[in-house]
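Here the structure comes first, spelled out in structure tokens, and everything after it is commentary.
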Amino acid sequence: VQLQASGGGLVQAGGSLRLSCVVSGRMIGGNVVAWYRQSPGYQRELVASIVTGGSTTYGDSVKGGATISRGAKNTVYLRMNSLKEDDRAVYFCKFSQSGNDYWGQGTQVTVSS
């Protein structure tokens, strides 16, 4: 399984961004795709996750400001609204299935004031 994250960049505070995670490879049965983020000096934290059936979970730091969804061609999106400087981080996607976790390479999000 391979993951390709994209969509990061520089955005002004208050703006929006949509990140994409394309999952490829052997996928069988149910799975969970999650977005995490990590800022310098901080631990990686959960942003949002979505299971095969569509149920979603959001981290406390982004509740109300992010939406995770599944699209076509094994793509999972993370849309973030009303971005703040605190949202500046490297965002990673993770695919979990049958007790195995696979991580993408991360995409940098920078928020300017």
Cα centre as origin, Lys/Arg/Asp/Glu Cβ charges: the chain dipole, Debye: 300
Evaluated at q = 0.19 Å⁻¹: base-10 log I(q)/I(0), Debye formula over Cα of the chain: -0.93
Loop trypsin sites (Lys or Arg not before Pro), the range 72-113 (other Cβ atoms within 10 Å of the site Cβ: 10 or fewer; DSSP): K73
Label-point separation in nm, R26 to V1, each point 7 Å along Cα→Cβ: 1.3
Reference-scaled alpha-carbon Rg (2.2 N^0.38 Å with N residues) for the range 1-61: 1.29
Nonlocal amide H pairs with V62, under 5 Å, H built at 1.01 Å: none
Percent antiparallel among DSSP beta bridges (both partners in the chain, rounded to 5): 90
Whole-Hz ³J(HN,Hα) from phi, Karplus 6.51 cos²θ - 1.76 cosθ + 1.60, for the range 96-101, glycine and proline x: 10, 7, 6, x, 10, 10
Distant alpha-carbon pairs in the range 36-101 (separation over 21 angstrom), percent: 24
The chain, relative contact order [Cα under 8 Å, separation at least 6], %: 37
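Any read-out appearing in this document is the output of simple, stated calculations on the displayed coordinates, not a laboratory observation. These numbers were taken from a predicted model, which means no experiment stands behind them. Cβ sites come from the backbone with ideal geometry, for glycine too, and all protein chains shown count toward neighbours.
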